[in-house]
Amino acid sequence: MPGLPIDTPITEIITKRRSWRTYNGKPVENEKKDQILSFISTLDKPPFGSEARFQMVDLDLKGTGKVSGTYGVIKGAETFIATIVKNSPMDMEDVGFLFEKIILFATAIGLDTCWMGASFSTPLFSEKMELKPEETIPVVSPIGYRAGRRSITDTVFHISAGSKKRKPWPDLFFDSNFDSPLEKNDAGELEVPFEMVRLAPSAVNKQPWRLILDGKKVHFFLKRTMGFESMFKMDLQRIDMGIAMCHFELAANEMGVEGGWKVEEPNIESLPDGIEYAVSWECD
Ligand SMILES: Cc1cc2nc3c(=O)[nH]c(=O)nc-3n(C[C@H](O)[C@H](O)[C@H](O)COP(=O)(O)O)c2cc1C
């Protein structure tokens, strides 16, 4: 699968991206909107074949700069991209996979973004997007230009989720089974793709992905956060998994490592409780 149509290395874009909730009110230029829409039109089907579409929506900026429909979380941005997916077994992973490509493309052309799975009004977006009964809007993101400083709400979200931090390698990546942490040196040509997964955004920064290197395969598992599923309207951690897959594949492609996705649950010894298998990447 081709990478993004950008000159900057994807590793640089992934490293640079941050969630931004406070914008300076400058409208996104039509040229940039067109670039994003034309990028969206080139997206291939996602790994699990779900049917997803993406729509740009303009919302009202109140006098205070707060955006109606985001519970006061987003300030100063009027343009949003919303995801719409037809309900299917792996719809959330596919939305994560595709939407992260759009988020990274927007980052590459100089825009700021913020994945939002909870802080938006579903009825308001549904109304604007002619949602069909079999469709869902799992996530949206503002696009725009960051303000000089984060608002108080933005700062609270940013600090309470510990957004700057990521778990270290031994907590996330393993060698053959969950008893042996993966050393960077042993990841070989996959070191960068693993690292790009580590830097991925995730809901409340829970970083629920766990990866096992198993010869030429990498198995992706989900370590669910207790109580998380019932707390939100969507299964956000399955979206996190799709984002991790996106980072892994884009980075692998950039490193010249070819491969593809397969669902074939491996027989891993001593699988810890609460860990679910999702998918595997197999190098060619
Ligand atoms: C699936 C998903 C849903 C998210 N939902 C929200 C949300 O509803 N509101 C919000 O302010 N941030 C949301 N975030 C942003 C995360 O809090 C943020 O990605 C994480 O703290 C890491 O910070 P970073 O994106 O700056 O690296 C979401 C992120 C993801 C991946």
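The values are calculated or read from the model by the stated rules, or taken from the named source; none is laboratory data. Note that the structure is predicted; figures quoted are calculated from it, not measured. Because the Cβ atoms are built from the backbone with ideal geometry, glycine has one as well, and the counts that use them run over all protein chains shown. Calculation scope for accessible area: heavy atoms of the full protein, side chains included, ligands and nucleic acids excluded. Shrake-Rupley method; radii C 1.70, N 1.55, O 1.52, S 1.80 Å.
On the protein heavy atoms, probe 1.4 angstrom, tell me the percent of accessible surface of the range 169-283 carried by carbon and sulfur. Present the calculation step by step, with values, prior to reporting the outcome.
Details: 2250 of 4940 Å².
In the range 169-283, the share of accessible area belonging to carbon and sulfur is 46 percent.
Per residue, the accessible area of the range 10-160 comes to 43 Å², computed with a 1.4 Å probe over protein heavy atoms only.
Not counting the cut sites, what is the longest span of the chain without chymotrypsin sites (Phe, Trp or Tyr not before Pro) that DSSP labels loop and that have at most 15 other Cβ atoms within 10 Å? If you can, show how the numbers build up before the last one.
Values: sites that count: Tyr71, Phe232.
After excluding every exposed loop site, the longest remaining stretch is 72-231.
Please identify every one of the GluC sites (Glu not before Pro) in the range 129-211 that sits in a loop by DSSP and has no more than 14 other beta carbons within 10 Å of its own beta carbon.
Working: sites: Glu130, Glu134, Glu135, Glu183, Glu189, Glu191, Glu195; in loops: Glu130, Glu134, Glu183.
Those satisfying the criteria are Glu130, Glu134, Glu183.
First obtain the Kirkwood hydrodynamic radius of the chain from its Cα pairs, then insert it into the Stokes-Einstein equation at 37 °C and 0.692 mPa s, and state the resulting D in µm² per second as a whole number. Each step should come with its number before you reach the end.
On the way: Rh = 19.3 Å.
For the chosen part, D equals 170 µm²/s.
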